[in-house]
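To start, the structure itself, in C-alpha cells.
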Amino acid sequence: MDSVTQIVLGASIQGAMLGRWQGRKALIYGAALGTVPDLDVLIDYGDAVADMTYHRGFSHSLFVLATLAALLTWLIRKRWPDAGYSSGRLFATLALVLCTHPLLDSFTTYGTQLFWPLPMPPVAISSIFIIDPLYTLPLLLAMLAGLVIGLGRSGLRWQYAGLLLSSLYLGSTLIGKQMADHHLQAALAQQGIQPQATFSTPTPFNTLLWRVMAVDGDNYYEGLVGWLDHEPLTLIKLPTRASEARQALLESPQDQRLRWFTGDRLRYDLIDGQWVATDLRLGMSGYHPFRFALATVDPATGETALIKEVEQWPQRRPDAAALRLMAERALDARTPLSIAELSRSLTEPAPHQQR
C-alpha cells in the first residue's frame, strides 16, 4: 500500500496498544515504525528487474520483522525498564506495527515475500488497489483525532473504531475478488478455455470494477466485471508472444526472475528491435507501469543479444480519459470501453522515441 496508509495504520495500532501510557507519542512512534519495511527502496539491487523483484523481500519477511520486534523490545526495556506496560505488550505492539505492513501489502497486486528466505513465490492476494481511500480514511481520521484530543478514553475509541472499520473494508474486498473470480471461471468454461494462470484485481481507486485475466500460452484473455453488471463477462483475446520471446530470452536471468515473480503473467512485444516484457498484473489495460526491455534483435541477422543491465521501459502517463471511463464503467456496464483499443499502446514505441 501507499506510504500514507502504512503510516496511519502503524500509528493507530501503537496508539490503541500503548496510547494509555505513551500518549500522543504512541501515534508518532507507530507512524515511524510502520514505514521501516519500505526502507529497502533505498537499496540498489543492480538493475531495474532486480529492484522490482527484490523490493518487498527480506524487509517484508515476517521472520525478519518478528526478530526485529524482539530486538527492539529488549533494547527499549533495557533503556526504560520501569515503563508501566509489560514486555509482552510491548513486543506484541511492535510486532503488530511491523508485521501488519507486509500483511497489508500482500493484499495488493505487487507481490510480497512474506516468508523470505524460504523459496516461496510472493504473496499477492490482489483484492485491493495500492491506493484506496476507503481503507485509509478511517485510520487517518483516527490518527488525527488522537493527535487533537489525546489518547484518553475517547481517543482510544477512535483508534479502535478506525482499525475495525478499515479491517472490515479489507475483508469486504475478498468478497469482491470472489465475485470477479466466479465470473471469470464461468466465462472461461463457456468458451472452453483451460488457462495456465488466472488473475483478478480491482481497477484503480475502487473495488466496484474488477479487471480479470487468464493466460493461455501465446494468448491471454482480459475483461472487466463489476458488482453492478447484469450481462455475462466478455473476454478479449490478446497476444502474449510467450513462445517466441522465451526462446529468444532462454538465457536471460531477468526473464526467469520476472516469470517467477509474476507467476508467468507476462506479455512480450518486439518494439523497435527490443523484446519488451510487461507485467500484466499491475496497472490497467494499456497502462502497465512495470515494463522492461530484456534483449535487442539485430534487424539484419535476426540475432538476439541480451541486455545485461536492464532498465525500466519509459512509462506513459495514465490516460485521464481512460480513468474517467473506468469510473463510469464501474457504475454503468454500457459505458463504451474497449480493452483491445486501450491495449494497442503496448505495441507502440517508448514515449521519448515517438515523433
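The values are calculated or read from the model by the stated rules, or taken from the named source; none is laboratory data. Here the structure is a predicted model, which means the values were calculated and not measured. Cβ placement follows ideal geometry from the backbone for every residue including glycine, while neighbour counts extend to all protein chains displayed. To get the accessible areas, we keep the full protein, side chains included, count just its heavy atoms, and leave off ligands, DNA and RNA. Shrake-Rupley method; radii C 1.70, N 1.55, O 1.52, S 1.80 Å.
Restricting attention to segment 253-273 and to residues that are polar (S, T, N, Q) and open to solvent by less than 30 Å² (accessible area, probe 1.4 Å), the residue that is nearest to Ala124 (Cα to Cα) turns out to be Thr262. Restricting segment 170-213 to residues that are free of Cβ contacts under 8 Å to residues at least 12 places away in the same chain and hydrophobic (A, V, I, L, M, F, W, C), the residue that is farthest from Ser106 (Cα to Cα) is Ala189. Do the conditions hold for Ser343, that is, is it touching a residue at least 40 places away in the same chain (Cβ under 8 Å) and among the hydroxyl-bearing types (Ser, Thr, Tyr)? Taking the combined requirement at face value, the residue satisfies it. Every condition in (1) open to solvent by less than 50 Å² (accessible area, probe 1.4 Å); (2) among the polar types (S, T, N, Q); (3) out of contact with any Ser or Thr (no Cβ under 9 Å at 6 or more places or on another chain); (4) at pLDDT 95 or above is met by Asn206 except one, and the failing one is (4).
Set side by side, the residues Val310, Val276 differ, and just one is assigned to a loop (DSSP other than H, G, I, E, B), in contact with a Phe, Trp or Tyr (Cβ under 8 Å, 6 or more places away or on another chain) and either surrounded by 16 or more Cβ atoms within 10 Å (Cβ to Cβ) or among the charged types (D, E, K, R) (or both), which is Val310.
For segment 279-307, a residue qualifies if it is under 23 Å from Met1 (Cβ atoms) and surrounded by 17 or more Cβ atoms within 10 Å (Cβ to Cβ), and the qualifying residues are Asp279, Leu280, Arg281, Leu282, Gly283, Met284, Ser285, Tyr287, His288, Phe290, Arg291.
Against the definition (part of a helix (DSSP H, G or I) and out of contact with any His (no Cβ under 6 Å at 6 or more places or on another chain)), how does Ala333 come out, yes or no? No, not satisfied.
Filtering segment 2-22 to residues that are over 21 Å from Arg89 (Cβ atoms), open to solvent by 10 Å² or more (accessible area, probe 1.4 Å) and in contact with a helix residue (DSSP H, G or I) (Cβ under 6 Å, 6 or more places away or on another chain) leaves only Ile7.
If you go through segment 147-162 one residue at a time, do you hit one that is under 27 Å from Leu228 (Cβ atoms), surrounded by fewer than 20 Cβ atoms within 10 Å (Cβ to Cβ) and aliphatic (A, V, I, L, M)? No, segment 147-162 has no match at all.
Looking at segment 23-142, the helices (runs of 4 or more DSSP H) lying wholly inside it that each contain 1 or more residues that are out of contact with any strand residue (DSSP E or B) (no Cβ under 9 Å at 6 or more places or on another chain) and loosely packed, with under 15 Cβ neighbours inside 10 Å sit at 25-34, 62-79, 87-105. For segment 209-252, which residues satisfy the criterion of being in a helix (DSSP H, G or I), over 24 Å from Pro121 (Cα atoms) and open to solvent by less than 70 Å² (accessible area, probe 1.4 Å)? Within segment 209-252, Ala248 is the sole residue that qualifies. Filtered by the rule that a residue be farther than 13 Å from Thr100 by Cβ and among the β-branched types (Val, Ile, Thr), segment 4-34 gives Val4, Ile28.
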